[in-house]
Structure formats: structure tokens, C-alpha cells
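Encoded as C-alpha cells, the structure appears first; notes follow it.
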Amino acid sequence: QVQLVESRGGLVQPGGSLRLSCAASGFTFSNYGMSWYRQAPGRERELVAQITRFSYSTNYANSVKGRFTISRDDEQNTVSLQMNNLKPEDTAVYYCAAPSLRYWGQGTQVTVSS
């Protein structure tokens, strides 16, 4: 059974940091690229960051470049998203995904507000 389980998000003040993690199981994690998406109220789900197999390369949405970092640990079958200098517009539900397999996590709420 495939599972992608995100860590709990939370409420963060503008300028703050938060690290999301996603634990994967039920498939050969190291063989697949992984991604983080987000969806804000009333908006389409958007790609935030992606990382290829073996961490060969990463890619980020322009809105998060220089602030967010995606990484993976193929020993622990986890993918993480370090989010720094958070802004109110980063408020969204964040989803971990293995897009090529169409596997998605349940999502975790991140709220950036003072």
C-alpha cells in the first residue's frame, strides 16, 4: 500500500521558517522524482519544488526560489521542504507527491500570519 505522509504544518509569523517532511512507503522511493505542491484557497494547485532521482537536480517555482529548499533522503525514504523567510502568500495546503506515479499525500496546512 502506497503512503505519502506529510509532517504537521502550522502557523508561522512572516519571516519565519518551517520544515515539512514526507515519509514514503509502499514503492521504491529512490527510483522516482518527488515534488511538493501547494494549493491556496480559491487557487489552482501549483508546483512548488521538485527533485529528481538521486538528487541530480532540483527545480523551484519562481515565487519560492532562494527561500525554499527541497531535499531527499533515500535511506529514510523521506523528502523534505525547508521554507525560510515565509510570506503571507505562502499560506496554503502543502502536498507531497510522486507525480509520475500519481501518488499524493493528504496535505498539511501552512499558515503565515502575524
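The values are calculated or read from the model by the stated rules, or taken from the named source; none is laboratory data. Model, not experiment: these values are computed from the prediction. A quick note on method: Cβ atoms are made from the backbone with ideal geometry, for glycine too, and the neighbour counts reach across all protein chains shown. Please note that ligands, DNA and RNA were not included when accessible areas were found on the heavy atoms of the full protein model with its side chains. Shrake-Rupley method; radii C 1.70, N 1.55, O 1.52, S 1.80 Å.
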Exercise. Excluding ligands and nucleic acids, what accessible area in Å² is computed for Met34 using a 1.4 Å probe, to the nearest 10?
Worked result: 0
Exercise. Given a 1.4 Å probe, how much area per residue of the chain is accessible, in Å²?
Worked result: 55
Problem set entry | Mean Cα-pair separation over length for the chain, i.e. relative contact order, pairs under 8 Å, 6 or more apart, % | 37
For this session: Please state, to two decimals, what the Cα-based radius of gyration of the chain comes to when divided by 2.2 N^0.38 Å (N = residues).
Result: 0.99
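What do you get for chymotrypsin sites (Phe, Trp or Tyr not before Pro) in the stretch 2-95 restricted to DSSP loop and a cutoff of at most 10 other Cβ within 10 Å of the site's Cβ? Could the numbers behind the result be given before it?
On the way: sites: Phe27, Phe29, Tyr32, Trp36, Tyr37, Phe54, Tyr56, Tyr60, Phe68, Tyr94, Tyr95; in loops: Phe27, Tyr32, Tyr56.
Those satisfying the criteria are Tyr56.
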Exercise. Share of the chain's accessible area from carbon and sulfur, percent, 1.4 Å?
Worked result: 43
Exercise. Please report, for the Cα atoms of the stretch 14-66, the Rg to one decimal and the Dmax as a whole number; what are they, in angstrom?
Worked result: 13.1, 37
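How big is D, in µm² s⁻¹, for the stretch 64-114 by Stokes-Einstein at 25 °C and 0.890 mPa s if Rh is the Kirkwood radius over C-alpha pairs? Present the calculation step by step, with values, prior to reporting the outcome.
Working: Rh = 12.5 Å.
Roughly 197 µm²/s, to the nearest whole number.
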